[in-house]
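**Student:** Quick one: this structure, given as structure tokens, is what I'll be asking you about.
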Amino acid sequence: MLISAAEGRMEIYLRNLPEGTRAVTVPRNGSDGPRLRLDQKRRINPAEVDLIARSSVPAFAPPTELTRNELVKILRTRTFRQWGWTQKQFGDRTWDIITALVRAGGIALRCDVVNALDYEPKSWRLTQPWADLAEDHLDELLGMRDSDVVRAELSQKMEPIPELAHERELLLAFPQGSKLTVPATSNTGTDRWSVYDAAVSAASVWWSYTALGKRLSAKELAAKALRGSKRWTPARMQAFANLIDLPFDEAVDKPDTEVRLRGPLVWSVGGVAADASRAQPWVSLPANGVLSLGVVRCEAIGIFLIENSDTFERICTQTALSDSWLLIWSKGYSSTGLAELLRSFSELQLTIWCDLDAHGIQIVTNLTNRVGRPIRPVAMEPELFESGVKYLQEPDDQKANLKLAERMKELAITDLRPLAEAIVRAKGAGCEQESLSPQIVPLLPSLLRDA
């Protein structure tokens, strides 16, 4: 599937829209979430709309109507451009260029609604996919310095790093005067030079600090290796992770949401592909990146969320579930990024396995509410809890868990209320997922089949 700019919007009918576009609402934030402007009869009555592509499109496919210089002007947009500025830049070609960009998924055109059925353009902004990829494409459009000099400088960065010796050999194999091209067998997994250059530069700095036992944050690494703390893009992150053979969130200190998963899913962005079916034991992807750009191909029959990391890894390595299920480490109380990612897979069945304790019940209930559709718990029956090994707790912690279990008797999803009652009877006790893994993991194929 392709994630489109229409997520969470409502389509609005307007007259004489350009072919291949549609008008969608512009939600306004309210105290209880996004709000739409309504008339006195509670009908949607927008004062402004966004014109976007009518259907999902590739992450970055510039329209042929644009010249190189025109595309450069578009990609240099940092936030938004007013309509007056646009007309000054493109003159008589303004409307043709802007509508072509809308159809290509490159921009969202903000318009005022006039007399309920007509519209007037007032500004535009890059869509998230184009904003994320703009820097890489600008590097290529504006041209590089002499190819031999560029290769020599990149080779020099890799020279003191033993782990990059093979990558350096691949680069040095190009003859003098040849075009800047990514080595065909590069471990970065990209075919775009700007992404390759960034990944190699970052890996050279990262390995030099790792050898000294030091860690860098994502911004520190970008500032040192990419000459700017905000120069990471999803494609650069994934290529760097491929090169060092380590998930991005493990390699650097980074606050953004990373999702660990394994199963029949391939994410392609900016010339880099991440295949969750081949990763060993799993792949880590940026939730916001997967949501906002690139192509996601998923052939799973459902999603299975596992709370604890050890159990998640055991299921990834010791079962064949990932052949047909998309396995995701839910990491305790799930992040906003994960919840949004699950909402995007609206056609897939959701199942989850958490600790058999009050917090496990709350985790499932909380995530169900945030995703907005049922999540079926497995291996969380009261009988399993009653026969399981209870973990040790401090008295104050157990009192707090008892209090939470009493609340969950009323607030939990229906399937987990019997477990909440059993935990109350046990005075707030709990069973960790890890203690149940030896007996449950072999049963998971049948449990998920029945879910």
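**Student:** Right, residue 194: closer than 23 Å to residue 331 by Cα, of a type outside the set (D, E, K, R), in contact with a Lys or Arg (Cβ under 9 Å, 6 or more places away or on another chain) and not assigned by TED's automatic domain parsing to the domain that holds residue 130 or not?
**Tutor:** Numbers: closer than 23 Å to residue 331 by Cα: no; of a type outside the set (D, E, K, R): yes; in contact with a Lys or Arg (Cβ under 9 Å, 6 or more places away or on another chain): yes; not assigned by TED's automatic domain parsing to the domain that holds residue 130: yes.
Answer is no for this residue.
**Student:** Here is a list: 212, 261. Which entry is more than 13 Å from the chain's Cα centre (by Cα), of a type in the set (A, V, I, L, M) and either modelled with pLDDT of 85 or more or not assigned by TED's automatic domain parsing to the domain that holds residue 309 (or both)?
**Tutor:** Values: 261 fails: more than 13 Å from the chain's Cα centre (by Cα).
Step by step, each of 212, 261 is checked, and only 212 is more than 13 Å from the chain's Cα centre (by Cα), of a type in the set (A, V, I, L, M) and either modelled with pLDDT of 85 or more or not assigned by TED's automatic domain parsing to the domain that holds residue 309 (or both).
**Student:** Which of (1) closer than 30 Å to residue 116 by Cα; (2) part of a helix (DSSP H, G or I); (3) of a type outside the set (A, V, I, L, M, F, W, C) does residue 69 not meet, given it meets every other one?
**Tutor:** Of the numbered conditions (1) closer than 30 Å to residue 116 by Cα; (2) part of a helix (DSSP H, G or I); (3) of a type outside the set (A, V, I, L, M, F, W, C), the odd one out for residue 69 is (1).
**Student:** Quick test for you: out of 277, 229, 201, pick the one residue that is among the small types (Gly, Ala, Ser), surrounded by fewer than 18 Cβ atoms within 10 Å (Cβ to Cβ) and not assigned by TED's automatic domain parsing to the domain that holds residue 328. Don't jump to the end; show me each part of the working.
**Tutor:** Working: 277 fails: not assigned by TED's automatic domain parsing to the domain that holds residue 328; 201 fails: surrounded by fewer than 18 Cβ atoms within 10 Å (Cβ to Cβ).
So the residue among 277, 229, 201 that is among the small types (Gly, Ala, Ser), surrounded by fewer than 18 Cβ atoms within 10 Å (Cβ to Cβ) and not assigned by TED's automatic domain parsing to the domain that holds residue 328 is 229.
**Student:** If you go through region 99-132 one residue at a time, how many are among the hydroxyl-bearing types (Ser, Thr, Tyr) and under 23 Å from the mean Cα position of the chain (by Cα)? If you could, list the steps in order and put the result at the bottom.
**Tutor:** Going through region 99-132, the residues among the hydroxyl-bearing types (Ser, Thr, Tyr) turn out to be 99, 119, 123, 127.
Pick out the ones that are also under 23 Å from the mean Cα position of the chain (by Cα) and you get 127.
Result for region 99-132: 1.
**Student:** Could we say that residue 399 is farther than 24 Å from residue 302 by Cα and in contact with a strand residue (DSSP E or B) (Cβ under 7 Å, 6 or more places away or on another chain) here?
**Tutor:** no
**Student:** Further, regarding this structure: If I ask for residues that are under 29 Å from residue 319 (Cα atoms), touching a Phe, Trp or Tyr at 6+ places or on another chain (Cβ under 8 Å) and outside any helix (DSSP H, G or I), which ones from region 426-451 would you list?
**Tutor:** Passing the criteria: 430, 431, 432.
**Student:** Could you identify the single residue in 190, 210 that is surrounded by 13 or more Cβ atoms within 10 Å (Cβ to Cβ), touching a Gly at 6+ places or on another chain (Cβ under 7 Å) and under 19 Å from residue 247 (Cα atoms)?
**Tutor:** On the way: 210 fails: touching a Gly at 6+ places or on another chain (Cβ under 7 Å).
The unique qualifying residue is 190.
**Student:** Here is a follow-up. Filter region 333-358 down to the residues that are touching a helix residue (DSSP H, G or I) at 6+ places or on another chain (Cβ under 7 Å) and modelled with pLDDT of 90 or more and list them by number.
**Tutor:** Those that are touching a helix residue (DSSP H, G or I) at 6+ places or on another chain (Cβ under 7 Å) and modelled with pLDDT of 90 or more: 350, 351, 352, 353, 354, 355, 356, 357, 358.
**Student:** So, one more: Could you pull out the residue among 92, 136, 132, 146 that is without any contact (Cβ under 8 Å) to a residue 12 or more places away in the chain and either within 30 Å of residue 190 (Cα to Cα) or assigned by TED's automatic domain parsing to the domain that holds residue 230 (or both)?
**Tutor:** Values: 92 fails: either within 30 Å of residue 190 (Cα to Cα) or assigned by TED's automatic domain parsing to the domain that holds residue 230 (or both); 136 fails: without any contact (Cβ under 8 Å) to a residue 12 or more places away in the chain; 132 fails: without any contact (Cβ under 8 Å) to a residue 12 or more places away in the chain.
Result of the check over 92, 136, 132, 146: 146.
**Student:** Under 7 Å between Cβ atoms, at least 6 apart or on separate chains: pull out the pairs that start in region 114-129 with a residue that is among the polar types (S, T, N, Q) and end on any residue that is assigned to a strand (DSSP E or B).
**Tutor:** As it stands, the answer is 123/80; 123/81; 123/82; 123/110; 127/107; 127/108, since those pairs meet every condition given.
**Student:** Can you tell me which residues in region 392-409 are exposed (fewer than 15 other Cβ atoms within 10 Å of the Cβ) and more than 15 Å from residue 420 (Cα to Cα)?
**Tutor:** 392, 394, 395, 396, 397
**Student:** Hey, among the residues in region 113-171 that are of a type in the set (Asp, Glu) and surrounded by fewer than 14 Cβ atoms within 10 Å (Cβ to Cβ), which one's modelled with the lowest pLDDT? It would help to see each step written out before you state the result.
**Tutor:** Step one: filter region 113-171 for residues of a type in the set (Asp, Glu), giving 118, 120, 132, 135-136, 139-140, 146, 148, 153, 159, 163, 167, 169.
The next check asks that each one be surrounded by fewer than 14 Cβ atoms within 10 Å (Cβ to Cβ); those that pass are 118, 120, 140, 146, 153, 159, 169.
Details: 118: 94, 120: 95, 140: 73, 146: 84, 153: 94, 159: 96, 169: 96.
So the residue we want is 140.
**Student:** Give me a count of the residues in region 108-135 that are of a type in the set (Lys, Arg) and within 12 Å of residue 46 (Cβ to Cβ). Outline the logic, then answer.
**Tutor:** Quick first cut of region 108-135, residues of a type in the set (Lys, Arg) only: 110, 122, 125.
Cutting the leftovers down to within 12 Å of residue 46 (Cβ to Cβ) gives us 110.
Selection size over region 108-135: 1.
**Student:** I'd like to check which helices (runs of 4 or more DSSP H) are fully inside region 113-208 and have at least 3 residues that are more than 25 Å from residue 273 (Cβ to Cβ). If you could, list the steps in order and put the result at the bottom.
**Tutor:** Working: elements: 128-141, 147-158, 165-172.
Correct list: 147-158.
**Student:** Please verify whether region 417-436 includes one or more residues that are among the basic types (Lys, Arg) and loosely packed, with under 15 Cβ neighbours inside 10 Å.
**Tutor:** Restricting attention to region 417-436, the residues satisfying the condition of being among the basic types (Lys, Arg) are 417, 425, 427.
Retained after the next criterion (residues that are loosely packed, with under 15 Cβ neighbours inside 10 Å): 425, 427.
For region 417-436, residues among the basic types (Lys, Arg) and loosely packed, with under 15 Cβ neighbours inside 10 Å: present.
**Student:** Also, I was wondering about something else. Counting only residues that are aromatic (Phe, Trp, Tyr) and buried (at least 21 other Cβ atoms within 10 Å of the Cβ), which one in region 324-375 is nearest to residue 427 (Cα to Cα)? Can you show your working first?
**Tutor:** Taking region 324-375 and keeping what is aromatic (Phe, Trp, Tyr), we get 325, 329, 333, 345, 353.
Now restrict to residues that are buried (at least 21 other Cβ atoms within 10 Å of the Cβ): 325, 329, 353.
Details: 325: 36, 329: 29, 353: 22 Å.
That would be 353.
**Student:** Working only within region 292-326, note down all residues that are farther than 24 Å from residue 343 by Cβ and of a type in the set (Phe, Trp, Tyr).
**Tutor:** None - no residue of region 292-326 is farther than 24 Å from residue 343 by Cβ and of a type in the set (Phe, Trp, Tyr), so the list stays empty.
**Student:** May I pose another question? In region 175-209, how many are of a type in the set (Lys, Arg) and either modelled with pLDDT of 95 or more or within 18 Å of residue 236 (Cβ to Cβ) (or both)? Lay out the reasoning, then the answer.
**Tutor:** Keep residues of region 175-209 that are of a type in the set (Lys, Arg), which gives 179, 192.
With either modelled with pLDDT of 95 or more or within 18 Å of residue 236 (Cβ to Cβ) (or both) added as a condition, the list becomes 192.
Qualifying residue count, region 175-209: 1.
The values are calculated or read from the model by the stated rules, or taken from the named source; none is laboratory data. Bear in mind that the values here come from a model prediction, so they are computed numbers and not experimental data. Using ideal geometry, Cβ is built from the backbone for each residue, glycine included, and neighbour counts are taken over all protein chains shown.
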